[in-house]
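Here's the structure we're looking at; comments come further down.
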Amino acid sequence: ADWLQGPYFYEVYSSKIFNGVPASLATVSRLFLTGFASTALFGPLVGRASDKRGRKRGTLAFALLYSLGAASTKSSLLWILLLGRLCSGI
């Protein structure tokens, strides 16, 4: 769903101020890349875990992790935004 939300998240991340400095294009790019890398790394593992433990549990875990990622966008701390992107990618 990142392709659909990309313009929204770009606007959210580019409006952040870290240590008194507005977010640079490089910082916003790293945030996006963190989410994509998380998906690439954890996707196969999560798929297997969901097959093994059940689709309902997998869906509930996804909803929880994605909710944490969405809530992290309210933060102005870079490490929380990165952690949120990591959760959103799982």
Worksheet, complete the sentence: Those residues of the stretch 5-62 that are of a type in the set (A, V, I, L, M) and part of a strand (DSSP E or B) come to a total of 2
Item to complete: Considering every residue within the stretch 67-75, establish whether at least one is assigned to a helix (DSSP H, G or I) and not small (Gly, Ala, Ser).
Response: yes
Item to complete: Give the stretch 76-90 a look and list any residue that's assigned to a helix (DSSP H, G or I) and small (Gly, Ala, Ser), or say none.
Response: GLY84, SER88, GLY89
Worksheet item: Residue check, LEU45 against (1) among the hydrophobic types (A, V, I, L, M, F, W, C); (2) modelled with pLDDT of 90 or more; (3) under 16 Å from ARG85 (Cα atoms), all met but one. Which one?
Response: (3)
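Condition check ((1) over 20 Å from LEU77 (Cα atoms); (2) of a type in the set (Ser, Thr, Tyr); (3) modelled with pLDDT of 90 or more) across all residues:
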| position | (1), (2), (3) |
| --- | --- |
| LYS16 | no, no, yes |
| ASN19 | no, no, no |
| PRO22 | no, no, yes |
| THR27 | no, yes, yes |
| THR39 | yes, yes, no |
Fill in: Residue match in the stretch 40-61 (condition: without any contact (Cβ under 8 Å) to a residue 40 or more places away in the chain and within 12 Å of the chain's Cα centre (by Cα))
no
Worksheet entry | Test for SER88: is it over 15 Å from PHE18 (Cβ atoms) and open to solvent by 50 Å² or more (accessible area, probe 1.4 Å) | no
Worksheet item: modelled with pLDDT under 90, under 10 Å from the mean Cα position of the chain (by Cα) and either among the aromatic types (Phe, Trp, Tyr) or surrounded by 11 or more Cβ atoms within 10 Å (Cβ to Cβ) (or both), is that true of TYR10?
Response: no
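The values are calculated or read from the model by the stated rules, or taken from the named source; none is laboratory data. None of these values were measured; they are calculated from a predicted model. Please note: Cβ atoms are built from the backbone with ideal geometry, for glycine as well, and neighbour counts cover all protein chains shown. Calculation scope for accessible area: heavy atoms of the full protein, side chains included, ligands and nucleic acids excluded. Shrake-Rupley method; radii C 1.70, N 1.55, O 1.52, S 1.80 Å.
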